[in-house]
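The values are calculated or read from the model by the stated rules, or taken from the named source; none is laboratory data. What you are looking at is a predicted structure, and each value in this text was computed from that prediction instead of being measured. We place every Cβ from the backbone using ideal geometry, glycine too, and count neighbours over all the protein chains shown.
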Amino acid sequence: MIWTYFIIFLLAAIPFFEVAMIVPVAIIGGIPAVPVIVIAFLGNLLTVGLVIVFIDWVRNWRRKKKASDEKSESKGHQRAKKIWGKYGLAGLAFIGPFFVGSHVTAILAVSFGGTRSKTSVLMTASIAFWAILLGSAAYFGFDFLVKDKDGFGFITRLLNQ
C-alpha cells in the first residue's frame, strides 16, 4: 500500500494530473479516501510551492519559450486573464486549477501581479478545497451509484424499474 500512496503523491505532483484527476480516480479505484486526499494534496502542494518559490526562473523559461514559439496567447491563458480581471487573485486561485491546472494558475497569479505570499496561501486553500470536494464527490457519488448489498446499487435499481 505504501507504493500505491507514493504513486498517488507523484502523480498529484505532476502538472495536469494534480488532485483534480488523481483523487477521484484513486478513490473510485478503491483506495481509502482520506489518505488519498491528504497525500494528493501534499504532492500537488509541494510542486506548486516550488513553482511559486522559483517563479523568476519559470518566467525566464516561459519568455524564452514564447519568443521561440511566436504564438498568440493560449485559450487557457486568455481564460485566466479573464478570471483575473473579473475575480482577482482569489478567484483565479480557486477557479483556475479546474480549467488550467494549479501549476499554471500559480504561475499566472504571480505573473498577473499577485504576491508570492498571497498566492501561496490562496493556492494552498484552493488545492485543499478541490481535493476535499472532488474526493468527497468521488467517495459519496461512487457509493451512491455502485455499492449496495448485491454490489450494484443505484444502477441496478434504475435498470429494474
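Some notes on this structure:
- So Ile95, is it in a helix (DSSP H, G or I), farther than 15 Å from Ser126 by Cα, without any contact (Cβ under 8 Å) to a residue 40 or more places away in the chain and among the hydrophobic types (A, V, I, L, M, F, W, C): no
- Annotation: Ala106 fulfils all but one of (1) crowded, with 21+ Cβ neighbours inside 10 Å; (2) at pLDDT below 85; the unmet one is (2).
- Qualifying residue in region 69-88 (condition: hydrophobic (A, V, I, L, M, F, W, C) and surrounded by fewer than 17 Cβ atoms within 10 Å (Cβ to Cβ)): no
- For region 42-63, the criterion of being part of a helix (DSSP H, G or I), in contact with a Phe, Trp or Tyr (Cβ under 7 Å, 6 or more places away or on another chain) and among the β-branched types (Val, Ile, Thr) is met by no residue.
- Within region 98-118, the set of residues being out of contact with any Lys or Arg (no Cβ under 8 Å at 6 or more places or on another chain), within 28 Å of Ala26 (Cα to Cα) and assigned to a helix (DSSP H, G or I) comprises Phe98, Ser102, His103, Val104, Thr105, Ala106.
- Condition broken by Ile107, with the remaining ones in (1) touching a residue at least 40 places away in the same chain (Cβ under 8 Å); (2) touching a Ser or Thr at 6+ places or on another chain (Cβ under 6 Å); (3) of a type in the set (A, V, I, L, M, F, W, C) satisfied: (2)
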